[in-house]
1. Taking the Kirkwood radius as the inverse of the mean 1/r across Cα pairs, report the Rg/Rh of the stretch 161-257.
2. Counting pairwise Cα distances across the stretch 8-76, what percent come out greater than 18 angstrom?
Amino acid sequence: MKDTAVRLYQAHEFAARVRVTVRTLHHYDHLGLLKPSGRTASGYRLYSERDFARLEQIVALKFIGFSLKQIRDLLERKALDLPTTLRLQSRILKEKRRHLDLAIQAIERAKRLVTSRASSREPDWEAFRKIIEVINMQQNVEWMKKYYTEEARQDLAGRGTPEVIERGQRDWAALIKEVEAAVAAGLDPASEQAQGLAQRWQTLIDAFTGGSPAIATGLKKLYADQSNWPSTFKKPYSDEVGVFICKAAEAHKQSEK
């Protein structure tokens with residue numbers, strides 16, 4: 001008769017076979033990611049061959065950038081959820097790659113300038129400024145994440161393709177420039193022109209949030225916490241511009257009553 005007994009491994013044996021630490025196994029058990037198949041009489045964890053497949057899934061998802069919480073949620077869902085989530089993660093990684101490519105391009109440009117001016121005593125600080133600008137841009141993306149829920153971040157990642165981001169940045173830069181000119185000219189915030197600027201401002205905000213309450217809430221939290229923004233991040237518009245837009249938006253709201 002064929003022996004069908006399941007082979008069990010103690011934690012140190014299992015860890016050695018899959019090339020992780022025992023501490024990692026304990027951590028995954030604590031998070032509910034990988035529960036052992038059994039325990040010895042003394043209470044030590046025991047793992048089976050079946051646990052290898054589960055751990056392989058965890059390692060693979062962790063490698064492509066999922067957090068342990070995301071992985072746990074994914075493995076608890078139906079398999080049909082995985083393709084959608086993988087597409088979202090792919091977009092996130094592509095965006096990270098875009099930022100890294102920009103940083104590499106800036107560094108390569110700086111290298112060429114430094115080489116071409118090797119005989120000059122004065123370095124080209126503009127080239128290094130560009131490197132810092134690109135790196136800060138990536139850092140800004142990272143620190144802003146804390147204001148948004150996981151759902152909101154996935155929604156933003158799903159819609160925030162490089163083309164959409166670049167178009168949004170251009171539209172915001174153009175609008176802010178127009179509002180700055182209106183402020184400098186002393187335009188009345190209650191005027192029809194000012195109200196039109198406020199409407200365009202709201203349209204861009206709506207395009208960013210996509211109608212998502214979670215994203216809108218995160219955006220409000222971000223701007224309400226300006227005192228804790230990193231020194232590398234500068235608000236894209238002045239306080240004067242912000243006050244002008246608020247007054248113009250209120251005037252537009254009153255005119256529609």
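Each reported figure results from applying straightforward, stated rules to the coordinates on display, with no laboratory input. Note that the coordinates shown come from a computational prediction; the quantities given were computed from them, not determined experimentally.
1. My calculation of the ratio gives 0.97.
2. Tail of P(r) above 18 Å: 31 percent of Cα pairs.
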